[in-house]
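The values are calculated or read from the model by the stated rules, or taken from the named source; none is laboratory data. Since the model is a prediction, treat every value here as computed from it, not as a measurement. Backbone-built Cβ (ideal geometry, glycine too); neighbour counts: all protein chains shown. Please note that ligands, DNA and RNA were not included when accessible areas were found on the heavy atoms of the full protein model with its side chains. Shrake-Rupley method; radii C 1.70, N 1.55, O 1.52, S 1.80 Å.
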Amino acid sequence: MITITPKRIFDVPIQATCINADVFTGKTLEEIKKLPITEGKENLILDEAFNISEDTAVETPNITLIGDFSKVKRIGQGMKTGEIIINGNVGMHTGEKLAGGKIIVNGNSDGWTGSEMKKGIIEIHGDAGDYTASPFRGTCTGMKGGLITVDGNVGSNVGCYLQGGTIKIKGSAGRFLGHRMTDGTIYVEKDCASRAGPFMTGGKIIITGAVELLMPTFTIDSIKPKVKVDANLTVQGPFYVFLGDIAERGTGKIFALKATNPALVSYEKYL
C-alpha cells in the first residue's frame with residue numbers, strides 16, 4: 001500500500017492524474033515518486049509536493065491519502081481497478097471517467113466528482129460539490145454506470161446528462177438535479193431545491209424530503225406505495241409519481257414522498 005501526505009499547504013491547484021491505482025501498479029516506490037504532476041503552471045514530480053511511503057506487507061495497489069487534498073485535482077482519473085482512500089477533503093474531478101475500482105472520501109469532495117463515470121464505486125462521507133456526476137460545460141457525456149453515495153449534501157446541477165448508474169444522497173440536493181438525464185437513478189433522502197429534472201427524458205429521481213418547486217412541465221401520473229432505488233434498497237411511500245419533462249416528450253419519473261410534500265395534494269384531482 002502506498003501512503004501519500006502533502007508536504008505543505010498548496011496555494012494553487014495541483015493536477016495529479018498519476019495518483020491512480022492503475023498507474024502505480026508494477027512501479028517501484030522510486031518510480032512512483034518521479035511521476036509527473038503540475039502545480040499551477042509549474043511542472044513537478046510527485047515527490048516534490050508529497051511525502052510518499054510504501055507498506056510492502058500489503059500487496060494490493062491500494063492508495064491512502066492523508067491530509068488536505070482540496071487543491072488536488074483528477075485523483076483516480078480513468079481508474080479501472082484498485083482502491084483509493086482519501087482521509088480528508090479532495091479537489092475537483094476526483095474519479096473522473098472512473099471505469100472500475102473504488103474511491104472512498106472521508107471528507108468533502110469538490111465539483112465534477114465522478115464526471116463521465118462508467119463503472120466502479122465512489123463513496124463520499126461528507127458533502128459533494130456542484131456538478132457531481134456531471135460532464136464539463138459544453139459537453140453531454142454524463143455518468144453511464146457505477147454507484148456514487150454521498151453522506152452529506154450535494155450542490156447544484158448534480159447528475160446532469162445522467163445515462164446510467166445510481167447516485168444516492170443522504171442529505172439535500174441543490175437546484176437542477178438530473179438536468180437532461182436520460183437513464184439511471186438519483187435518490188435524495190432529504191430536501192431537493194427547485195427545478196429538479198429539467199429536460200429529463202428518462203430515468204428516475206426519488207425524493208423523500210420536501211420538493212421546493214416542481215417543474216410545470218411534469219404531469220402527475222399516479223401514487224405508488226413504494227419505489228425501488230436499486231437491488232439493495234426499496235423505499236416505502238406512498239409517493240406521488242410525476243412524468244416528464246413533457247416539453248421534451250420525456251418519460252422520466254420524479255417520485256416525491258407524499259408525507260413530506262403536502263403542497264402537492266392539489267395534483268390528486270387530476271388522477
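Before moving on, here are some points about what is shown:
- Residues (under 17 Å from T141 (Cβ atoms) and acidic (D, E)) located in segment 68-103: E96
- Checked against (1) open to solvent by less than 10 Å² (accessible area, probe 1.4 Å); (2) touching a residue at least 60 places away in the same chain (Cβ under 8 Å), A196 passes all but a single condition, namely (2).
- Matching residues in segment 198-222 - criterion: being in a loop (DSSP other than H, G, I, E, B), under 13 Å from A173 (Cα atoms) and modelled with pLDDT of 95 or more: T208, G209, A210
- Residue list for segment 168-181, filter: in contact with a Ser or Thr (Cβ under 7 Å, 6 or more places away or on another chain) and either in contact (Cβ under 8 Å) with a residue 40 or more places away in the chain or farther than 15 Å from I254 by Cβ (or both): K168, G174
- Of all residues making up segment 32-67, the number that are in contact with a strand residue (DSSP E or B) (Cβ under 8 Å, 6 or more places away or on another chain), farther than 21 Å from N106 by Cα and of a type in the set (V, I, T): 4
- Any hit, segment 243-266, residues being among the basic types (K, R) and in a strand (DSSP E or B): yes
- Qualifying residue in segment 11-31 (condition: in contact with a strand residue (DSSP E or B) (Cβ under 8 Å, 6 or more places away or on another chain), open to solvent by 80 Å² or more (accessible area, probe 1.4 Å) and either farther than 26 Å from A99 by Cβ or not in a strand (DSSP E or B) (or both)): no
- Looking only at residues of segment 157-172 that are assigned to a strand (DSSP E or B) and over 20 Å from I104 (Cβ atoms), we find that the one that is least open to solvent (accessible area, probe 1.4 Å) is G164.
- Only one of F218, F255 that is surrounded by 13 or more Cβ atoms within 10 Å (Cβ to Cβ), under 22 Å from G164 (Cβ atoms) and in contact with a helix residue (DSSP H, G or I) (Cβ under 8 Å, 6 or more places away or on another chain): F218
- Scope segment 174-197; condition more than 24 Å from G138 (Cβ to Cβ) and part of a strand (DSSP E or B); matching residues: T185, Y187, V188, C192
- Restricting attention to segment 41-80, the residues being closer than 23 Å to S115 by Cα, modelled with pLDDT under 95 and either of a type in the set (V, I, T) or open to solvent by 50 Å² or more (accessible area, probe 1.4 Å) (or both) number 0.
- Taking segment 79-94 as the range and being in contact with a strand residue (DSSP E or B) (Cβ under 6 Å, 6 or more places away or on another chain), polar (S, T, N, Q), more than 14 Å from T17 (Cα to Cα) and not in a strand (DSSP E or B) as the test, only T81 passes.
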